[in-house]
Amino acid sequence: MKELWESAIRPIVEAARPKVLVEVGAEAGANTRNLLEACRRHGGTVHSIDPAPSFDPAAWEAEYGDRLVFHRGRSLDALPSISGIDLVLLDGDHNFYTVLNELRALEEGSRAARTSFPLVLLHDVGWPYGRRDQYYDPDSVPAAHRQ
């Protein structure tokens, strides 16, 4: 999503000024850093979820303090533990099962908290991901839901 930072994501984050922002899929942290800097300016917190980031989350937590909460694991395990979500960037496992259940988890969380469904930005919904599933870890998706 980092390629979309200036043209789309930054303006949305600045307009929404989320107190709790969730990033699913951090990889090297390029967009994570953008989100953290934006949240530093307006007082928000970034919850970043990734099972295998290619940066040191502990070093970033030391640098950003309470602005960053890193969840090392799968989004379907981490999302239910995060409350008060205002904005979500979904760029994790690109398959129907995972994305559908991420959205369901967000719905359940907002319903339980009696809050509005968060603003959700989904990445990689066009070709080829919109036409076929991708699996970072196929075994994490039930066999009946794999194609």
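Numerical summary
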| quantity | calculated |
| --- | --- |
| Top of 122, 36, 68 by mean-square fluctuation, Gaussian network on the chain, Cα under 10 Å | 122 |
| Calculated SAXS-style log₁₀ I(q)/I(0) at q = 0.08, 0.12, 0.19, 0.21 Å⁻¹ - the chain, Debye, Cα scatterers | -0.21, -0.47, -1.20, -1.44 |
| Residue-level accessible surface for residue 63, protein heavy atoms, 1.4 Å, Å² | 100 Å² |
| Segment 86-147 - Kirkwood radius from inverse mean 1/r over Cα pairs (Å) | 12.6 Å |
| The chain, relative contact order in percent, only Cα pairs under 8 angstrom and at least six apart counted | 21 percent |
| Model label zone, residue 114; criterion: amide N under 16 Å from point 7 Å along Cα-to-beta-carbon; scope segment 70-92 | 84 |
| Exposure ranking of 42, 123 by accessible area [1.4 Å probe, largest first] | 123, 42 |
| Dipole in debye (nearest 20) - the chain, about Cα centre, beta carbon charges: Lys, Arg +1; Asp, Glu -1 | 420 debye |
| Surface share of carbon and sulfur [accessible, 1.4 angstrom probe, percent] for segment 60-147 | 49 percent |
| Taking segment 30-80 and dividing mean pair separation by its residue count, relative contact order in percent (alpha carbons under 8 Å, at least six apart) | 39 percent |
| Label point distance in nm, residue 61-residue 146, each placed 7 Å from Cα along Cα→Cβ | 3.1 nm |
| Accessible area in square angstrom per residue, segment 1-72, 1.4 angstrom probe | 48 Å² |
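The values are calculated or read from the model by the stated rules, or taken from the named source; none is laboratory data. Everything numeric in this text was worked out from a predicted model, so none of it was measured. Cβ atoms come from the backbone with ideal geometry, glycine included; neighbour counts cover every protein chain shown. The protein model used for the area step is the full one, side chains on, heavy atoms only, and it has no ligands, DNA or RNA in it. Shrake-Rupley method; radii C 1.70, N 1.55, O 1.52, S 1.80 Å.
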